[in-house]
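Below is one structure, written out as structure tokens, with a few remarks after it.
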Amino acid sequence: MAHMAFKTPPALTVGFDLDMTLIDSRPGIRACYQALSERTGTYIDADLAVTRLGPPLAEELINWFPAEEVAAVADLYREMYPTIAIAATPALTGAREAIAAVREAGGRAIVVTAKYEPNAKLHLAHLRIEPDAVIGDLWAEQKAEALREHDAGVYVGDHVGDVRGARAAGALSVGVATGPCPPEELRAAGADVVLTDLTEFPRWLSDYRPARA
């Protein structure tokens, strides 16, 4: 059995959340909610809605629409989204460098998000960010399914839901304080590491790898 000790650790896979972790989706989502409000004739406080990004779309729409209309309105929103929200959405500072740091370390970078998968892919293509895989439509503990499937050892996100997903997958949880959850809330939810933003990620990763090995 002794030879097992020399086994090389498997290549590191790092998962990233999308909204408010890799991209500042507030301007695009705000514009899309405003357009949805006009299309449906229903009031939506778009400024309030973008302060609580992270959970699935239906969890926001239920605040503005009757329950029986939410599914149809969500479909309409997703259909309007590409023409309204993609071009308006920038990458967050350090996002490209964070993905590049994983690659330079010989690892794989994947995106696991609650966002509708086709729209998540449109954002990344528009910003020329090219992860190894993009898995959408998963929120909180559901994210663990994709993280386990891709053998992700680390998951980076801005929301307590991302911390819960990482923990459910047995992955190290790295919180970034660029979304709605302040550092103390991420720590209280069980984040192993909390960074101010992704510009701190490459240095953290270079310290983490030797420790992991």
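Listed values, structure above:
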| read-out | value |
| --- | --- |
| Single match in P180, P210 (criterion: assigned to a loop (DSSP other than H, G, I, E, B) and surrounded by fewer than 24 Cβ atoms within 10 Å (Cβ to Cβ)) | P180 |
| Residue among I99, I84, I110 that is outside any helix (DSSP H, G or I) and not small (G, A, S) | I110 |
| Count of segment 21-61 residues which are assigned to a loop (DSSP other than H, G, I, E, B) and not hydrophobic (A, V, I, L, M, F, W, C) | 10 |
| Qualifying residue in segment 113-127 (condition: open to solvent by less than 20 Å² (accessible area, probe 1.4 Å), in contact with a Gly (Cβ under 6 Å, 6 or more places away or on another chain) and assigned to a loop (DSSP other than H, G, I, E, B)) | yes |
| Matching entry among A11, A31, A58 (being of a type in the set (G, A, S), surrounded by fewer than 21 Cβ atoms within 10 Å (Cβ to Cβ) and free of Cβ contacts under 8 Å to residues at least 24 places away in the same chain) | A58 |
| Top-ranked residue of segment 183-207 - restricted to ones that are assigned to a helix (DSSP H, G or I), of a type outside the set (A, V, I, L, M, F, W, C) and open to solvent by less than 50 Å² (accessible area, probe 1.4 Å), ranked as nearest to V50 (Cα to Cα) | P183 |
| Single condition V134 does not satisfy, out of (1) open to solvent by less than 20 Å² (accessible area, probe 1.4 Å); (2) among the β-branched types (V, I, T); (3) in contact with a Lys or Arg (Cβ under 9 Å, 6 or more places away or on another chain) | (1) |
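The values are calculated or read from the model by the stated rules, or taken from the named source; none is laboratory data. Because the structure is predicted, anything quoted here is derived from the model rather than measured. Cβ atoms come from the backbone with ideal geometry, glycine included; neighbour counts cover every protein chain shown. All accessible areas refer to the heavy atoms of the entire protein, side chains included, with ligands and DNA or RNA removed. Shrake-Rupley method; radii C 1.70, N 1.55, O 1.52, S 1.80 Å.
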